[in-house]
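Asker: Handing you this structure, nothing more for now.
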Amino acid sequence: MSEASVLFEVKNNVGSIRLNRPKVLNSLNAEMVRLLSRQLIEWEYDPSISLVVISGEGTKGLCAGGDMRAIYDLRDSNILGLAREFFSTEYSMDIMIHQYPKPVIVNMDGIVMGGGVGLSVGASHRIVTEKTKWAMPEMNIGFFPDVGASYFLNQMPGFTGRYLALTSGIIKAQDVMYAGAGDYFMNSDNWTNLTTDLFNTDWALNDVEDEVNRILKRYCQPIDVKNANLATVQEKIDQHFSHISMEEIISSLEGAANNGDEWAKETLHTLLSKSPTSLKVTLRQLQEGENKSLVDCFKMEFILGMNFMTLPDFYEGVRAVLVDKDRSPKWSPSQFKDVTEEAVSAFFRWEEDEDLLNKFDTLK
């Protein structure tokens, strides 16, 4: 009998959730998002549950994202039906975490990427450690940043969200805090003692929010975000990533690179390695998300997700990164000029699931 992919436990009014696929960095599959959603719904209004704690098993991290290799392997099956179930369940779960009426503490130790960001970014108490590696890496596989990225990336300072989305940049604890995706910094060795404290507290006798903050303060320490790497290049990020088209962003970086700016040169090289289609769609996505509510952003992302399931670049990206691992994807089209505005606009239309999209409105 195989071990459960998610471990649930209740200790003294604390609901514990541990993602349990450490061999694949706790990547989320359809079974996991169903189990997580069901348990969060059950605990949401259970008076015996005072708070929820989420962590990942193993030593590598919380969660490396959605299990895109599994989707790739099923590409010749009923891929749209499978994607429909996965995206709708995962996105509903992520919305639930954003709106959860009880404290949700997430241990963002190690790798926190893609779907792992979706699990953590909406939580009330987000703990980063010296091992945290945070990213929205979807550009690497010809996809787009989902799990609410249209919303939370637009909450970051300046155009930091666009920069992180389009480059798939990996950031550590100080930058996560600067970007507003983490709340507390803690040495990873303190997690066991912190959870022991949480499990041994008599929550019936305490104001839950105050007590959670008191316990976290005991184990966490201040972190100076003014000197974060992102903060030091914020002016450059805003200068180049404020442009309204990928062509303008590339041209801006080229100009700076030609004048000896090494950061611009490296950033340009990174962007030119990505799928032109993914980059153009993602830039439009983030622009559209600026004035949308959280739920409307998720609705847009569901539409994008379904359309990306029909995009050859997605499967080529997964092949290059996760299957053959040659890191040499052949994008089609391979140049920005061949990705038309009409082609980009088509990604934002999906009429096949109108009833399902309407169900997202019930989560507002």
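Asker: Residues that are in contact with a Ser or Thr (Cβ under 7 Å, 6 or more places away or on another chain) and among the small types (Gly, Ala, Ser): list the strands (runs of 3 or more DSSP E) wholly contained in region 97-203 that include at least 1 such residues.
Answerer: 133-135
Asker: Looking only at region 289-316, which residues are part of a helix (DSSP H, G or I) and closer than 15 Å to residue 74 by Cα?
Answerer: Within region 289-316, 306, 308, 312, 314, 315, 316 meet the criteria.
Asker: Give region 1-50 a look and list any residue that's within 22 Å of residue 85 (Cα to Cα), assigned to a loop (DSSP other than H, G, I, E, B) and open to solvent by 70 Å² or more (accessible area, probe 1.4 Å), or say none.
Answerer: none
Asker: Please state which one of 60, 102 is surrounded by fewer than 24 Cβ atoms within 10 Å (Cβ to Cβ) and touching a Pro at 6+ places or on another chain (Cβ under 9 Å). Talk me through it step by step, then tell me what you get.
Answerer: Numbers: 102 fails: touching a Pro at 6+ places or on another chain (Cβ under 9 Å).
Exactly one residue qualifies, and that residue is 60.
Asker: Same structure again: Test of understanding: among 224, 238, which residue is under 25 Å from residue 167 (Cα atoms), open to solvent by 30 Å² or more (accessible area, probe 1.4 Å), acidic (Asp, Glu) and in a loop (DSSP other than H, G, I, E, B)?
Answerer: Testing whether each residue is under 25 Å from residue 167 (Cα atoms), open to solvent by 30 Å² or more (accessible area, probe 1.4 Å), acidic (Asp, Glu) and in a loop (DSSP other than H, G, I, E, B) leaves just 224.
Asker: Then there is this: I'd like to check something: does region 313-333 contain any residue that is at pLDDT 95 or above, more than 23 Å from residue 114 (Cα to Cα) and of a type in the set (Gly, Ala, Ser)?
Answerer: yes
Asker: Mind checking which pairs have a first residue in region 277-295 that is in contact (Cβ under 8 Å) with a residue 40 or more places away in the chain and among the basic types (Lys, Arg) and a second that is part of a helix (DSSP H, G or I) and open to solvent by less than 10 Å² (accessible area, probe 1.4 Å), Cβ under 8 Å, 6 or more apart or different chains?
Answerer: Sorted first by the residue in region 277-295, then by its partner, the pairs are 280/246; 280/344; 284/344; 292/150.
Asker: For region 105-118, give me the residue count where each residue is open to solvent by 20 Å² or more (accessible area, probe 1.4 Å) and either farther than 28 Å from residue 192 by Cα or hydrophobic (A, V, I, L, M, F, W, C) (or both).
Answerer: The first filter runs over region 105-118 and keeps only residues open to solvent by 20 Å² or more (accessible area, probe 1.4 Å), leaving 109, 111, 113.
Within this subset, residues satisfying the condition of being either farther than 28 Å from residue 192 by Cα or hydrophobic (A, V, I, L, M, F, W, C) (or both) are 111, 113.
Here the count works out to 2.
Asker: Taking the condition within 20 Å of residue 237 (Cβ to Cβ), crowded, with 24+ Cβ neighbours inside 10 Å and not small (Gly, Ala, Ser), does residue 156 pass?
Answerer: No, not satisfied.
The values are calculated or read from the model by the stated rules, or taken from the named source; none is laboratory data. Nothing here was measured: the structure is a model prediction, and the numbers come from that model. Note that each Cβ is placed from the backbone with ideal geometry, even for glycine, and that neighbours are counted across all protein chains shown. For the accessible areas, the whole protein counts, side chains as well, though only heavy atoms, and no ligand, DNA or RNA atoms are used. Shrake-Rupley method; radii C 1.70, N 1.55, O 1.52, S 1.80 Å.
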